[in-house]
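A.B. asks: Submitted below is the structure of interest, expressed as C-alpha cells.
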Amino acid sequence: MKKILIVDDEKNILLVLKIALKKAGYETILAKDGLEAIEKAREQKPDLILLDIVLPKLNGYLVYEALQEEPKTAKIPVVFISAKSEKEDIDKALDLGGEDYLTKPLEKEKLLQTINEILERR
Amino acid sequence: MFKNIKSLKSKIFFGYLLIIFILFIVTMWSIINFTNLSDSITNIMVENYNSIKACESMIESIERQDSAILIILNGQINKGKNTFLKNEKDFYKWLSRAEDNITIEGEDAVIKKIDNNYLKFLNHFDTFQNLETTSNKRKYYNSNIFSLFHEIKNKIRELRKLNQNQMLKAQKKANLRADHATVSTIIISIVAIVIALFFSFYLSKQILKPIEKLKKAVTEVSNKNFQYKITMRTSNEIGELTKQFNNMIERLQEYEKINVEKLVDEKNKSEAIVNNINNPLMVLDNDNQVILLNHNAKKLFNIINYEKNKHFLELINYEDLFSKIQKSKEKKNMSNNSVKLEINNKEKHFKVNTNNILNESNEVKYLVVTLEDITKLKKIDNMKSEFVSTVSHEFRTPLTSMNMGLELILKEEVGEINDEQKELIEAALEDTERLKELVDDLLDLSKIESGKIKMNFDKFNVKNLIEKTTNPFEKQLKEKDLDLKIDEINDNIYAYADPSKISWVISNLIGNALRYTDSGYIKISAEKKGYRIYFYVEDTGKGIPEEYQDKIFDKFVRADNTEEVKGTGLGLAIVKEIVSAHNGKIWVDSKEGEGSKFIFHIPSFKKDNNKEI
C-alpha cells in the first residue's frame, strides 16, 4: 500500500483528504505544520507528499527545499495544494521542482487522478 | 501773439489782415521807390535841361547879335542895331536863368566868365558903333569882336557840355536808383512772403494744435482710456468743443466706473466661488496658457507667484496630466481619465474632469479642468480588492472540505444514505459548487479591477476566434433546442486585443443568452467600423427592462424579471472590465419579451498598433 503524507494546517482538510485517500486505497500520514511535515517525511518515507503552501512554522516552499537537501527524502514526489491561484505562485512551485500544483477547492476526481498518474510513473 | 485773440474766426480774420498789411507795405515800398525814381528823373529835367536850354538860347542870341553887326556892316544900321538890342535882352534873360540853375561845380565860374566876356562884347559893340567908317568898323570887328564872339560861344558850349555831362551822371544815378529799387523791392517782397508764410503756418498750427490734441484724445477714448483729459486754455470754438469733450469723458468715466464696479463685483464673486471649490481648478485657453488657477490648484502644484498667460507646462510640470487634458480637448474617447501624479514625494491619484467652452464657431476657446483627488478612493478600492482576494482565498479551503466531504457521503463511500439524505446532500453540493464559482469570479474581478491581470495584446482573426469560442456551446444549444447563427463575417478582419479575454467575453455573453432564452435563436456577428471591431450577441430571450439596461453591468445586479437566480451575478461586471481594459465600450439594446442585443467594440489591428496601448 502506497503511503501519502498530507500536509495542511486545516484539520478539516486533513480529515476529508484522509478519508478520501483511504477509500481510494492509500495509507495516509498527516502533518499540520512545516516542521512536522519534514520530521514525518524523514521517519516514514512516504511515496508522495501533498504539500500546502501557507503553513505555520515553515511554509511549503521551505519544507520542499528542506526535503530536497536530505537524500532520503529528496526523491519523494511533491504535489502542492494551495488556495493561491496566481500564476506567480504556480510558477514558483513548479520551478522549484513540484510534480504538480492543485488549487483549492480541490476536486476529488482530479486529485486522485493526479496522484495515480504520478505514482504509476515511478 | 495770438493767445490774446480768442475766437478761431478772429484768428483767421487777423491772419488775412496781416497778409493784407504786408501786401500794403510792399506796395507802399514800391510806390516810394517809383516816386524817388521819377523825382530824380525830374531833377535832371528841371536842373540840367533848363541850363542846356539857356545855353542854346544864349548861343542863338549871341549869333543873332553877330549877324546884327554884320547887318550893320552892310549898311542897314538901324535894323542891325534893333536886332542887336533885342537879342541882348534875350541873352541876359537866358544868362540869368542859367545863373539861377547853378547846380554843378565849376558852372558858376564859367557863367561869370561868360558874363564878363559878354560885358566886354557889349563894350566893344559900343566902340564899334562909334567908329565912322565902314572900313574902320570892319577892321575893328575883325580884330576885336569876332574873336570875343567865338570865345563867348565856346564858353557857353563849355557850360552846355558841363550840363550835358551832369545829365549823363544823373541818368546813371537814376539807373542805379532804379536797380536799387528793384533789388530792395524784391528783398522786401521776399521778406513779406516769408513773414506771410510764417504767419500762415503759425496760424494754421495754432488752429490745428487743439484739433490734433482733440484727435489724440478721441483716439485714446475710443481705446477705452477714459482717464484721458485734454488740458487746453483756449476759449475759442475748439475750447468749447474740448470742454464738451471733457464732459463727455467724465460721463463715460462715471458710466465705466459703475460698469467696472459691477464687473469687479461679479469677478470677485466668481473668484470667491472658484477659490472655494475644493477641487483644484484651472482654466486654459486654446494655446494651453493658464488663465486661471484656483486656490487649491496653486496649493497642489506649489505655485507661489502665479503669472497669468503662461503655458501649462511652464507652470505645472506634469506631462501625464497635460497629455490627458489634451486628449480630452480633442474629445478622444477616454475610458480612463485618472492620472497618477507624484506630488511632494507622495503618490496621488486624480480624476481629470474637463469642460470645453466653445466660441461662436464651435472651436474650443477655454478649457476648464478640475482635478478630483481620488487617492483615498483608489486606496479604498485597492483595499477592497485585497479584501475580496483574501476573503476568496479564505473561502477556498473550507470549500474543499465541504465539497469533498459531501461528495464522499453522496457517493456512499463512507456508508449508505437514504433518498432524502441524498437529496439534501445533492442540494448542498450544488450550492457548494455555486459558491466555488462565485469565489472564482470574485477573484477574477478583483484581479482585473486592481489591474493585476495584464492584457496580452495580439493580432487575431475575428472570424476564427468567434468560431472557436462558439464550438463548446453546441451541445448546450441542442439540449435547449436553440439555433446558433453566426453571421457572415469577413475573413480578413483582425482585432488587436487579448484573444483569450475576448473569447471569455463572448462565451460569457453566449452563456447569458443561453440562460435567459427558451426558444428562438442566438445570433453572433462582427464587423469593422473605422478602427474598431464591433461584436454583436443577440438573443430572442425574455429581454431586459429598460431601467436595468445600464445597471446590469454592475456587480450582483439582476433584472427583476429573472425568477430564478442563475450564475454568480458577476459575469457582466467582468465582461465590462475586460472591454474597458481594451479601451472599448459595451452596452445592450433590449426590449422586454423580444430579446437582447449585446454590443461591444475593441480596437482593430493597425500597422502601428503596437504603440497604441
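A.B. asks: Which of the following residues is within 14 Å of chain B (Cβ to nearest Cβ) and either among the β-branched types (Val, Ile, Thr) or outside any helix (DSSP H, G or I) (or both): A:Leu111, A:Leu106, A:Leu58?
C.D. replies: On inspection, the qualifying residue turns out to be A:Leu106.
A.B. asks: Here is a follow-up. Among (1) surrounded by 14 or more Cβ atoms within 10 Å (Cβ to Cβ); (2) not in a helix (DSSP H, G or I), which single condition is B:Ile62 missing?
C.D. replies: For B:Ile62, the failing item is (2).
A.B. asks: Could you list, in sequence order, all residues of the range B:413-450 that are closer than 30 Å to B:Asn508 by Cβ, within 12 Å of chain A (Cβ to nearest Cβ) and acidic (Asp, Glu)?
C.D. replies: B:Glu433, B:Glu437, B:Asp440, B:Asp444
A.B. asks: If I filter the range B:384-411 down to residues being part of a helix (DSSP H, G or I), of a type in the set (D, E, K, R) and more than 7 Å from chain A (Cβ to nearest Cβ), which single residue comes out as farthest from A:Leu15 (Cα to Cα)?
C.D. replies: B:Lys384
A.B. asks: Still on this structure, I have one more. Just need a number here: residues in the range B:382-395 that are farther than 12 Å from B:Leu445 by Cα and touching a residue at least 60 places away in the same chain (Cβ under 8 Å). Quick ask: steps written out before the conclusion?
C.D. replies: Taking the range B:382-395 first, the residues farther than 12 Å from B:Leu445 by Cα are B:382-383, B:387, B:390-391, B:393-395.
Retained after the next criterion (residues that are touching a residue at least 60 places away in the same chain (Cβ under 8 Å)): B:382.
Summing the residues that are farther than 12 Å from B:Leu445 by Cα and touching a residue at least 60 places away in the same chain (Cβ under 8 Å) in the range B:382-395 gives 1.
A.B. asks: Given the criterion loosely packed, with under 14 Cβ neighbours inside 10 Å and either within 60 Å of the chain's Cα centre (by Cα) or of a type in the set (D, E, K, R) (or both), identify the matching residue among B:Glu449, B:Glu488. Reasoning before the result, please.
C.D. replies: Numbers: B:Glu449 fails: loosely packed, with under 14 Cβ neighbours inside 10 Å.
Testing whether each residue is loosely packed, with under 14 Cβ neighbours inside 10 Å and either within 60 Å of the chain's Cα centre (by Cα) or of a type in the set (D, E, K, R) (or both) leaves just B:Glu488.
A.B. asks: Report the residue count in the range B:23-68 for those that are of a type in the set (D, E, K, R) and under 18 Å from B:Lys172 (Cβ atoms). Before you say what the answer is, go through the steps one by one.
C.D. replies: So in the range B:23-68, the residues of a type in the set (D, E, K, R) come out as B:39, B:47, B:53, B:56, B:60, B:63-64, B:66.
Those left that are additionally under 18 Å from B:Lys172 (Cβ atoms): B:39, B:47.
Residues flagged as of a type in the set (D, E, K, R) and under 18 Å from B:Lys172 (Cβ atoms) within the range B:23-68 amount to 2.
A.B. asks: In the range A:6-37, what count of residues is obtained for those that are more than 14 Å from chain B (Cβ to nearest Cβ) and in contact with a Ser or Thr (Cβ under 8 Å, 6 or more places away or on another chain)?
C.D. replies: Counting residues in the range A:6-37 that are more than 14 Å from chain B (Cβ to nearest Cβ) and in contact with a Ser or Thr (Cβ under 8 Å, 6 or more places away or on another chain) gives 0.
A.B. asks: Looking at B:Leu203, B:Leu241, which one is touching a Lys or Arg at 6+ places or on another chain (Cβ under 7 Å) and within 30 Å of B:Phe13 (Cβ to Cβ)?
C.D. replies: On inspection, the qualifying residue turns out to be B:Leu203.
A.B. asks: Okay, moving on. What number of residues within the range B:349-363 are farther than 24 Å from B:Lys298 by Cα and aliphatic (A, V, I, L, M)? Before you say what the answer is, go through the steps one by one.
C.D. replies: Quick first cut of the range B:349-363, residues farther than 24 Å from B:Lys298 by Cα only: B:358-363.
In the following step, the residues that additionally are aliphatic (A, V, I, L, M) were identified as B:358.
Result for the range B:349-363: 1.
A.B. asks: Condition check: touching a residue at least 12 places away in the same chain (Cβ under 8 Å) and either within 30 Å of B:Glu386 (Cα to Cα) or of a type in the set (Gly, Ala, Ser) (or both). Does A:Ala41 satisfy that?
C.D. replies: Answer is yes for this residue.
A.B. asks: Testing A:Phe80 on (1) at pLDDT 90 or above; (2) surrounded by fewer than 17 Cβ atoms within 10 Å (Cβ to Cβ), one condition comes back false. Which one is that?
C.D. replies: Only one criterion in (1) at pLDDT 90 or above; (2) surrounded by fewer than 17 Cβ atoms within 10 Å (Cβ to Cβ) is unmet by A:Phe80, namely (2).
A.B. asks: For the range B:509-566, enumerate the residues that are at pLDDT below 85 and assigned to a strand (DSSP E or B).
C.D. replies: Matches in the range B:509-566: none.
The values are calculated or read from the model by the stated rules, or taken from the named source; none is laboratory data. Model, not experiment: these values are computed from the prediction. When we count neighbours, we look across all protein chains shown, and the Cβ atoms used for this are built from the backbone with ideal geometry, even at glycine.
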